[in-house]
Structure formats: C-alpha cells, structure tokens
1. Divide, for the chain, the radius of gyration over alpha carbons by 2.2 N^0.38 Å, where N is the residue count.
2. At a threshold of 8 angstrom on Cα-Cα distance, excluding pairs fewer than six apart, so keeping six or more, what relative contact order does segment 200-338 reach in percent?
3. Assuming R0 = 35 Å, what is the FRET efficiency of CYS63 and ILE353, from their Cβ-Cβ distance, to the nearest 0.05?
4. Report, in deg cm²/dmol and to the nearest 500, the calculated mean residue ellipticity at 222 nm for the chain, where each DSSP H run with n ≥ 4 adds -39500 (n - 2.57) and the sum is divided by the residue count.
5. Net charge within 12 Å of LEU295 by Cβ-Cβ distance, Lys/Arg positive one each and Asp/Glu negative one each, not counting LEU295 itself?
6. Rounded to the nearest percent, how much of the accessible area of segment 50-175 (1.4 Å probe, protein heavy atoms only) is carbon and sulfur?
7. How do the peptides 395-401, 222-228, 353-359 rank, highest first, by the average count of neighbouring beta carbon atoms within 10 Å per residue?
8. Per residue, how large is the accessible surface of the chain? Use a 1.4 angstrom probe and give square angstrom.
Amino acid sequence: MARIKDESVDAVKAAASIVDLVETRTRLRKVGARYTGLCPFHEEKTPSFSVSPDRGTYHCFGCGVGGDSISFVRETEGLDFVGAIEWLASRFGVQIEYEETSPHYDARRRRRERLFALLEQAAAFYERTLWESSGAGAVRDYVESRGLGEDVCREFRLGLSPAGATLTRKATEKGYTRDELLEAGLVTRRGSDYFQHRLMFPVTDIRGRVIAFQARKLHEQDPLRGKYVNSPESELFRKSNVLYGLHLARSAIVKQDRAVVVEGNTDVIALRQAGLHPVVASMGTALTERQVKELAKLTTRVYLCFDADAAGEDATLRAMELAVRAGVEVRVVALPMGKDPADDPAGLEPRLIDAEPYAVHRVRLELERARDRQHAYLQVQDVLNGLPESPERYEAWRLANDRLGITVELRAAASGTATAGRALSPRLVDAGEKLERRALAGVRAHPELGPLLAELTPEHFHFEGHRAL
C-alpha cells in the first residue's frame, strides 16, 4: 500500500473542520470558545461531549472517548488511518500526494480511481433515468406500490437502466474504454449495456463509493435470467465481502451497539424508512466470515432476520456459527412463514425484543431435526459443549433437559471437567433461579395458565422452593 506524504497528512488535518464533522453525527451548541452536545458514541440525555475547534479535538466526559478529526472518522466510518485520510481529503477537497512507488502500483491506483469515477457516473445516470425520464412512470409506480417513498429511494440512490446501449455510448463519449466498461461490469462482450430495463440498486463500499449494482427484473423478456442479478465480480467488488447499506447504517450500529441483518435490499430500505437504521443485507442467503468480521468491528450484538424456510434456516445457522466464533452475541428474529421484514417494517422492532438467543435456537433446531432421542441427546450435548458459559447456554441446557426428559451431561466451558449442572457458576445459577421464579409468577398473575403448569411435575424445576410451589 502506498504511503501518504506527511505534507498531505498535515494539509488534511489543517483543512478538516472538527465542528463540521461532529455535527454530521450530533447537534452542537456553542459555549464560549468550544461546542457541546450529546455524545455520538454512547446514549446520554445530558450533554457531556465537548469540541474544541481551535485545537481540532473532541472529548466526552461521559465515556472518555477523544481525539482529532482523523480518529473521529476512523471511529464513525470504520476506516483505518489511510482510509480516514483519504475520506477527509475527499470531504474537504485536499489533493493527496503519495510517496514514490512502483510504476505498476501507480498504474493500478489510477485504474481503480477511473473505475470508481465510472461507476459513480453510471449510478448518477441510472438515478436521472428513474426520476426524470417520462418513460419511467410505470417503474416509479412500482416502487411506490412496494411502500417505498421517493426520499428513502433517493437516499439509497435507486435508479433505472434503459434498454439498448445508452450507458455504454455515453461512457465512451466521455473517454472510457471498452475494457474499463467490462471491468466495471457495465457492458456485455457484444457491446450492449449489461443491465437493461432493470431497477438498479447501487452497491457501495464502507466509504459510500459505488463498486457494483444489484438489479431487479421488471419484465419477462429480460435476457438476464435471475430476478435479482449482481454485477460481475471484479477488482472492486466481491459479493462475499459486502454488506448492503453498511455505509448508511454504520453510525447507528455503533451508537446502538446492534446490527440487524436481513436478506433483501428492499428490506433494508423499508426498515430505514420505518425508522430502524442499524440494518444491512447480506447480499445473498448467508453471512460470510468477512461480513461477520466487518460487523464485529462495529458491534457486539447481531440480530439475524432471514426467511423462515429451510434455506433461510440453514443460512441463519451458518451465520450464527460464524458470529459466535467472532465473539458476537447472536439472536434470531422469528418471522411468519412466507413473510419478509419489508412486509411489516414497523412491526420488526417488537420482534427484536423477543429474538431467540443462539444457544436456545440451535438446541431447539437440533431437537427438531434429530432422527431419534439418542441422536438428539448427542447432537445437543455436542452443541452445548462448544459454547462458552453464559445464561443463554444454561437456558438452552434447561430446554434440552425438559424436551429429552433426562439431564444432558456437560463439560464446564472453562475447565473441561464433567458436569450435569452441578458445577455451574453462581451467575448462571442465579439466572436459572430467576427464570423459574418468573415462570411461576406468570402463572400466579395469569390464572388461565394454571392448566399448563399442572402438566408439569416438580422434577421440571431445579430449586427446592420452586418444586414445593
């Protein structure tokens, strides 16, 4: 990677306005020579965030974060040092110079810059076609029929690709070569536009730069078969590395410490329109290791909201395993069969509250899929022994014992010694006692649940007092 000259770094620092940067994330009020406001890095009701424009720094007296414009961009945009400098240079109009590098690297960097510029111009062309073309009325009506307003569609830069070779011709007139158009995934080898008469969803990198498109079919005569088709993979675009909408959701993910992962682009757009902002799509049916790592940089909590069919269930399972290995708390959001988040965007937030922990969801799946009781026991035991000790693991263990009618023998997660629930930590014992107490209190508060309690035996409860009740 080329090294940015120190003079360019200094020029970026001098040009960057820390007040302008912070005000994109939180409202500031001038108090003497400094500005104050609510901290963009944690939830608070009383302002404890201070910005000093003369020093170009910020500091929160609540959570302790602080730094300059570069560190602010690194934290809010999820970039490394070089990425933050380039982001600031683009934002404040500073020309960056790099240390001398090889001719090969310089040529590669110039080629990438031209591809970014080409894709940006393509996105702008598709946008104009959708919103300004008289022949796009039916497509605008279709978007509206999906419940998506113009404002949120413009925020995600939705567009329309016309038929023929219009984009190819316009790009060629601006000096772009056929090879560049092919590399950007915008032209076929026959010379016509790759996407024709499709609803276009620009796909961006974490800095908001257009790197590809996903296009939805609008008529049956489309030469591309799939209902949704992505740009061909290229130097800029690898589907497995990208989360749709991350550049817009990133700040909300950091601030709320949660990410909601859905399958479809329209789900992301509809949920953002409904006010749920920390939402991204996985560009397919399953999260990849690279996508999980990107989320793990921003949050410790991930909610998976995939289709409630067999394929969606398997995709959820693979995604959960990856996220748990990355140290992320994972919960599964239940959707009615055949429903997408976009079908009821306002109703998803309550479902997040009731989302099922990974350990419980996984054990329940193994119990449902097992061919017999012995197989179920072994599968559940294997799953639970692979999980760290936590209240969720204990809850899943209790579920397994209840369903199987026997106690699953476990190894303690830390020491590897055998346990049948006898060597649990005090924190887990407390969690189990609370669960049992809440269940009994619920029946007391709702007498109509009495018949359900009558179906249980004292052996279903672990604690003596609860057994007696």
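1. Values: Rg = 26.7 Å, N = 469, 2.2 N^0.38 = 22.8 Å.
Relative to the rule-of-thumb radius for its length, the chain sits at 1.17.
2. That works out to 20 percent.
3. 0.90
4. Numbers: 20 runs with 214 residues, N = 469.
So the helix-based figure for the chain works out to -13500 deg cm²/dmol.
5. +2
6. So the carbon and sulfur contribution to the accessible surface is 47 percent.
7. Working: 395-401: 21.9, 222-228: 11.9, 353-359: 17.9.
Ranking the peptides 395-401, 222-228, 353-359 by packing returns 395-401, 353-359, 222-228.
8. Per residue, the chain has 51 Å² of solvent-accessible surface.
The values are calculated or read from the model by the stated rules, or taken from the named source; none is laboratory data. Since we're looking at a predicted model, the values are computed, not measured. Cβ coordinates were reconstructed from backbone atoms using ideal geometry, including for glycine residues, and neighbour counts include every protein chain displayed. Remember, those area values only see protein heavy atoms, side chains included, never the ligands or the DNA or RNA. Shrake-Rupley method; radii C 1.70, N 1.55, O 1.52, S 1.80 Å.
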